[in-house]
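Presented below is the structure to which this report refers.
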Amino acid sequence: AAATDYQAEDATISQGVVESNHAGYTGSGFVNYDNLVGSYVEWTITAPGGPADVTLRYANGTTATRPLDFTVNGVAGAVGITFPGTGDWTSWQTKTMRLTLAAGTNKIRARATTADGGPNADKLTVTPTTDDPQPPS
Ligand code: GCU
């Protein structure tokens, strides 16, 4: 199925700020997580339901990995996903995980689990893996 991009700056942000001072982001900016445990970005996305590849585009200009826990509609989905250093804050990379989504609206939350907070977050790309239903033969 088709990939859909959801910008971090358009998501719900708890303990973080939208910034645009490091080049290379898509959309109008990125989210700078506050440097503490529990800061999060939560995207509201729609899906056909079932497994999806979910990709976070991020930058981490430090040498310390910044893990995030991902929940889907409040339920643990992908725990301890690591976002290693990307070299500098203007170097963006992607990390993809497989999440199971509900049909319709889903809230995907990416929550920082260390005192450094999360990496700078540019966008989430959601690609449902569900094949189109085949007509009976
Ligand atoms: C720097 C950088 C920010 C980043 C922050 C951090 O201040 O400019 O973009 O979010 O470090 O360590 O989280």
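Brief remarks on what is shown
- Relative contact order of the chain, pairs being alpha-carbon contacts under 8 Å that are 6 or more residues apart, as %: 38
- Directionally averaged shadow of segment 1-135, computed from the convex hull of its alpha-carbon atoms, nm²: 7.5
Read-outs: derived from the displayed coordinates by stated rules, not from any lab. Please read all numbers here as calculations on a predicted model, not as lab measurements.
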